[in-house]
């Protein structure tokens, strides 16, 4: 199946309209249907991108639209039912992160996908940011030697003082809200990709700036979703990663990733893209005998084009190419549903460790 013959339906019109639909269309994928809870939003998106099918019920879309694949870009509590329905309908699936509400759901989605033989991937597109791909190559080539530690910071906060905003589902931990699920998941996937399987987790989650207002009154309530987290991951192959993430640090220093090994150091600064790694990022490195960190070249083959519409589009489009390769070859390229399940185990373990004060061990599952 060529890209021009793959037909996909997109469920969700937030990230779906800013990145996914433009990305699919730029890669020659035919977006034949769009679905949103509010039909007027689906209709507006369809008119904007020239999509023929408009739905406000994903069951109807799966039944009636001409589809080979589905992209699930809905709120996290809907990922499981929508993905399972799409697999039951015989559709290939790209599911947005965070994968599920818990590892029980994630295991069901992964195992159902395995049983169907359909192509399934999870939207950790930042694996395909150029500097991150080069880090993976250098690690595999032995640039670092054995891993000692990785230090990951994502430190931001209000610069004009904190003012409570209206309460939304993003503030509810039972609806998948929180910084750990939204951005911690990306970095956990990155660590697994670079360093291998996680075997131990300790962590803490906190809500520092939790005051919210009810939309229809002046009453103040407390958000349950975290705005800060810290975790330490231990890896089967040795070494550990420590991450601190927060949206509650006024004038915070931003984001960076530092990796220290026996033979060398690698650093990926986040410059100009906020919380996300830049698609065409810088990479610094040094090995024993060097005088200081210096910029390392990132090969053009890892950043084959630029897409100025949104900095996330290049890595997303490269992931779409992997998805198409999987459909054509009958495989599920990484990051796939197994990767989503393993990431979900770590997410659950961070919250369990925070609640109990214990280190959580994670067993390998195949």
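Does residue 182 satisfy the criteria of being outside any helix (DSSP H, G or I), in the same structural domain as residue 351 (by TED's automatic domain parsing) and surrounded by 16 or more Cβ atoms within 10 Å (Cβ to Cβ)?
No; evaluated as a whole, the condition is false for this residue.
Can you pull out every residue in segment 238-262 that is more than 14 Å from residue 180 (Cα to Cα) and not in a strand (DSSP E or B)?
Scanning segment 238-262 gives 238, 239, 249, 250, 251, 252, 253, 262.
Within segment 208-231, work out how many residues are without any contact (Cβ under 8 Å) to a residue 40 or more places away in the chain and loosely packed, with under 14 Cβ neighbours inside 10 Å.
Here is the first cut: in segment 208-231, the residues without any contact (Cβ under 8 Å) to a residue 40 or more places away in the chain are 210, 216-219, 222, 230.
Then drop every residue that is not loosely packed, with under 14 Cβ neighbours inside 10 Å, which leaves 216-219, 222.
Here the count works out to 5.
Of the residues 229, 235, 323, which is modelled with pLDDT of 95 or more and assigned by TED's automatic domain parsing to the domain that holds residue 24?
323
With respect to the numbered conditions (1) at pLDDT 95 or above; (2) exposed (fewer than 14 other Cβ atoms within 10 Å of the Cβ); (3) touching a strand residue (DSSP E or B) at 6+ places or on another chain (Cβ under 7 Å), which one is the sole condition not fulfilled by residue 253?
For residue 253, the failing item is (1).
Would it be correct to say that residue 205 is assigned by TED's automatic domain parsing to the domain that holds residue 271, in contact (Cβ under 8 Å) with a residue 24 or more places away in the chain and under 22 Å from the mean Cα position of the chain (by Cα)?
Yes; evaluated as a whole, the condition is true for this residue.
Select from segment 274-294 the residues that are surrounded by 11 or more Cβ atoms within 10 Å (Cβ to Cβ) and over 19 Å from residue 311 (Cβ atoms) and list them in ascending order.
Once the filter is applied, which keeps residues that are surrounded by 11 or more Cβ atoms within 10 Å (Cβ to Cβ) and over 19 Å from residue 311 (Cβ atoms), segment 274-294 yields 284, 285, 286, 287, 290, 293.
Looking at segment 39-51, is at least one residue under 26 Å from residue 340 (Cα atoms), surrounded by fewer than 23 Cβ atoms within 10 Å (Cβ to Cβ) and assigned by TED's automatic domain parsing to the domain that holds residue 117?
No, that holds for no residue.
The rows are residues; the columns are (1) modelled with pLDDT of 95 or more; (2) under 30 Å from residue 188 (Cα atoms); (3) in contact with a strand residue (DSSP E or B) (Cβ under 9 Å, 6 or more places away or on another chain).
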site	(1), (2), (3)
8	yes, yes, yes
32	yes, no, yes
44	yes, no, no
52	yes, no, yes
67	yes, no, yes
83	yes, yes, yes
97	yes, yes, yes
103	yes, yes, no
109	yes, yes, yes
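Quick one: which residue in 192, 163, 153 is assigned to a helix (DSSP H, G or I) and either surrounded by fewer than 20 Cβ atoms within 10 Å (Cβ to Cβ) or in contact (Cβ under 8 Å) with a residue 24 or more places away in the chain (or both)? First the steps, then the outcome.
On the way: 163 fails: assigned to a helix (DSSP H, G or I); 153 fails: assigned to a helix (DSSP H, G or I).
Checking each option against the conditions leaves just 192.
Do the conditions hold for residue 170, that is, is it crowded, with 20+ Cβ neighbours inside 10 Å, touching a residue at least 40 places away in the same chain (Cβ under 8 Å) and not in a loop (DSSP other than H, G, I, E, B)?
Details: crowded, with 20+ Cβ neighbours inside 10 Å: no; touching a residue at least 40 places away in the same chain (Cβ under 8 Å): yes; not in a loop (DSSP other than H, G, I, E, B): yes.
So residue 170 fails the test.
The values are calculated or read from the model by the stated rules, or taken from the named source; none is laboratory data. This structure is a prediction, so every number in the text was calculated from the model and none was measured. All Cβ positions, glycine included, derive from the backbone under ideal geometry; neighbour counts span all protein chains shown.
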